[in-house]
Amino acid sequence: MSDTSVYENPLLSRYASKEMAENFSDDKKFRLWRRLWIALAEAEKELGLNITDGQIAEMKKFSDDINYEDARRFESEVRHDVMAHVKAFGKQAKSAEPIIHLGATSCYVTDNAEIIVIDNALDIILKKLVNVMDKLKNFALRYKSLPTLGFTHLQPAQLTTVGKRATLWLSDLEMDYYNLINLKNSVKLRGVKGTTGTQASFLDLFNGDGKKVKELEKLVVSKLGYSKVFGVTGQTYPRKFDYNVLCVLSQIAQSCYRFSNDIRLLQHMKEVEEPFEKHQIGSSAMAYKRNPMRSERMGSLARYALSLPINAAVTASTQWFERTLDDSANKRIVIAQAFLTVDAILNLYLNISENLVVYEKVISKHIAAELPFMATENIMMECVKAGGNRQELHERIRVLSMEAAKNVKQEGKENNLIELIRKDVMFRPIWDRLDGILEAKNFIGRSSDQVDEFISEEIDPILQKHGKELGISGDVRV
C-alpha cells in the first residue's frame, strides 16, 4: 500500500508498465553490478591473476542475494554507493572480498550496468512499437477504401480514405523503428577502461602486458553478452550516447503526439473515437460527454518526453576533460523517466489503436456537405466533353458555388449546389450522370492501392521480422 503522505511518481503508480519499472529498479542495477564483478574476476583469473575457483563460486552464490541493509549502512558511513556495495558483497562472499572490484573504477559497474539497462529498455520499447504498427496496419487495411474528407490547413481539401490516413501514422512509426534499430545496433559497453580510461590499473595488474589487458576487456564484455565497446573513453562512457537515446525516444513521442491530436480532432467531428468503457465518466458535470482521455494523456506525456533531449545535450556538453560528477544525479532521473514516459505513451497507443471506433455514416454526411464544391471541376469537364464552353461553364459554376456557399454560411442550411446545378439548363447534358460523378470513390485517387503497396512493401517486412513478438495489448490502469 502506498504512503499517501509523500509524493509518489505517477509514472510508476499510474502510467508505465511494471516491466519497464522493474527494468530500472535498484534490484536489477545491483544484480548487474554483481554480474560485472563476477565477469571481471573470471576474466582476470583466466588471464593468470591469482584468483581461485572458490572465490568465484562464492561470489556467484550471492549474485542475486543482495544484503541491502548492509549496503545502506556502509553507504551512510563511506558516502559512496559503489564502495558500499563492494563492502556488502565482500561481507557475504568473504573469501572473495580481497579481489572484488580488482583494478576497476566505479564506472566499471555503474556505466556498463546503465548501458545494459538502457539496451534492455530499448527492447521493451521496440516490442511495443512494432505491436502498435501491427494494429495500425490492420486498421489501415480494414478502412483502405472508406472515403473521408482530407484536410489541409484544417480546411476540407480533396478526399482521402480512413485507411490512407492511418498509413501516415504508420509512416511516422516506420521512421522511428529504423532509428531505434540503428540505435540498438550502435550499443557499446564502456568496457574495462580504468579510472581515466587509460587502463593503467589493469596494465599494472598484468605487469605491462597490453595484449592481456585488451583480451581482458573482450572476455568481460562477452561474458555479459556483448561484443562491442567504446574504443576510447574517459572515466565514463560518452554522454552523447544518452543524447542519442533520448532523441530516438523523443521521435517516438512525436509520432504518438501527432496520432493523439488527430484522434482528438476526429473525435470532435464524431467520425472516429478512441475506446470508451461502459462505466467511464467523461465529465463530472456534463454526463453526456465522451472526452478523448487516452489521446489527451498521450499528448500530455509526449510533451514531457519531447523536452528531455535538451537536458542530455547539456550534460554531454559539460563533461570536463575525463569526467565530472554533475551528470550523476541528473542521469538517475532523466534516463529512467524518459523510458517510463514513452513506455506509458505506447501502452496508450496500443489500447487506442486496437479499439478505434469508426462512424461511417457521420463521415459520409461530412463528405456530402463538401463534395459538391470539390466536384465542380469534374462536372465542368464532363459538360465540356458534351459540347459546352469551358469559360462559360466555369463562370456559371462559380456563381452557383457562391450562392450555395451563402446558403451554408449565412443561412445555416445544407449545401444545395447540386440542386442548383440540376435546375440550370447549362448543365442539362450531365443531369442524368450527376449521381455517378458525385460518388465519393471517384475522388480518392490511388488511396486504396497506396495502402496495400505501402503495407506490403514497407510494413510487412518489419512485422514479419518481429512476428514472435506480436500480439500484445495496451493496458490503461486509470
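Here are a few things to note about the model shown:
- Asp262 modelled with pLDDT of 85 or more, surrounded by 15 or more Cβ atoms within 10 Å (Cβ to Cβ), under 27 Å from Thr318 (Cα atoms) and within 21 Å of the chain's Cα centre (by Cα): no
- Of all residues in region 292-314, those that are without any contact (Cβ under 8 Å) to a residue 24 or more places away in the chain and in the same structural domain as Phe241 (by TED's automatic domain parsing) have Cβ atoms under 8 Å from Cβ atoms of residues that are surrounded by 19 or more Cβ atoms within 10 Å (Cβ to Cβ) and not in a helix (DSSP H, G or I), 6 or more apart or on another chain, in Met293/Glu274.
- Scan of region 259-274 for residues that are not in a helix (DSSP H, G or I) and not aliphatic (A, V, I, L, M), ordered by number: Lys270, Glu271, Glu273, Glu274
- If only residues of region 64-85 that are of a type in the set (Lys, Arg) and not in a loop (DSSP other than H, G, I, E, B) are counted, the one that is surrounded by the most Cβ atoms within 10 Å (Cβ to Cβ) is Arg73.
- Among the residues of region 369-413, those that are small (Gly, Ala, Ser) and either in a loop (DSSP other than H, G, I, E, B) or at pLDDT 90 or above (or both) comprise Ala375, Ala386, Gly387, Gly388, Gly412.
- Checked against (1) within 20 Å of the chain's Cα centre (by Cα); (2) part of a strand (DSSP E or B); (3) of a type in the set (S, T, N, Q), Thr160 passes all but a single condition, namely (1).
- When Arg79 is tested against (1) assigned by TED's automatic domain parsing to the domain that holds Val192; (2) free of Cβ contacts under 8 Å to residues at least 24 places away in the same chain; (3) out of contact with any helix residue (DSSP H, G or I) (no Cβ under 9 Å at 6 or more places or on another chain), exactly one condition is not met: (1).
- Among the residues of region 408-458, just one is in contact with a Phe, Trp or Tyr (Cβ under 9 Å, 6 or more places away or on another chain) and farther than 21 Å from Phe373 by Cβ, namely Val451.
- One residue stands out among those in region 193-235 that are charged (D, E, K, R) and not in a helix (DSSP H, G or I): the one that is surrounded by the fewest Cβ atoms within 10 Å (Cβ to Cβ), which is Lys228.
- Apart from one condition, Leu340 fits all of (1) over 28 Å from the mean Cα position of the chain (by Cα); (2) assigned to a helix (DSSP H, G or I); the exception is (1).
- Test result for Ser186, hydroxyl-bearing (Ser, Thr, Tyr), assigned by TED's automatic domain parsing to the domain that holds Phe339, at pLDDT 95 or above and within 30 Å of His268 (Cβ to Cβ): no
- Checked against the criteria, Val248 does not count as at pLDDT 95 or above, closer than 30 Å to Glu42 by Cβ and of a type in the set (Val, Ile, Thr).
- Within region 294-325, the set of residues being surrounded by fewer than 17 Cβ atoms within 10 Å (Cβ to Cβ) and not in a helix (DSSP H, G or I) comprises Ser307, Thr318, Trp320, Phe321, Glu322, Thr324.
- Beta carbons closer than 6 Å, at least 6 apart along the sequence or on distinct chains, pair a first residue in region 156-180 that is crowded, with 17+ Cβ neighbours inside 10 Å with a second that is modelled with pLDDT of 95 or more and assigned to a strand (DSSP E or B) for Pro156/Leu149; Leu159/Pro147; Leu159/Gly150; Thr160/Gly150; Thr161/Pro147; Val162/Thr148.
- Boolean, Glu296 is in contact with a Lys or Arg (Cβ under 8 Å, 6 or more places away or on another chain) and not hydroxyl-bearing (Ser, Thr, Tyr): yes
- Of all residues making up region 352-368, the number that are part of a helix (DSSP H, G or I), touching an Asp or Glu at 6+ places or on another chain (Cβ under 8 Å) and crowded, with 19+ Cβ neighbours inside 10 Å: 2
- Qualifying residues in region 8-35 (those that are basic (Lys, Arg) and buried (at least 18 other Cβ atoms within 10 Å of the Cβ)) - the one nearest to Leu340 (Cα to Cα): Lys29
- Here the condition is being surrounded by 23 or more Cβ atoms within 10 Å (Cβ to Cβ), more than 37 Å from the chain's Cα centre (by Cα) and under 30 Å from Ala57 (Cβ atoms); of Ala96, Ala113, it holds for Ala96 alone.
- Applying the criterion of being under 15 Å from Glu97 (Cα atoms) and assigned to a helix (DSSP H, G or I) to the residues of region 46-56, the residue that is nearest to the chain's Cα centre (by Cα) is Ile56.
- Qualifying residue in region 199-220 (condition: among the hydroxyl-bearing types (Ser, Thr, Tyr) and touching a strand residue (DSSP E or B) at 6+ places or on another chain (Cβ under 6 Å)): no
- With respect to the conditions (1) within 30 Å of Phe139 (Cα to Cα); (2) among the acidic types (Asp, Glu); (3) assigned to a helix (DSSP H, G or I), Asp475 lacks only one, and its number is (3).
The values are calculated or read from the model by the stated rules, or taken from the named source; none is laboratory data. Please read these numbers as outputs of a predicted model, since none were measured by experiment. All Cβ positions, glycine included, derive from the backbone under ideal geometry; neighbour counts span all protein chains shown.
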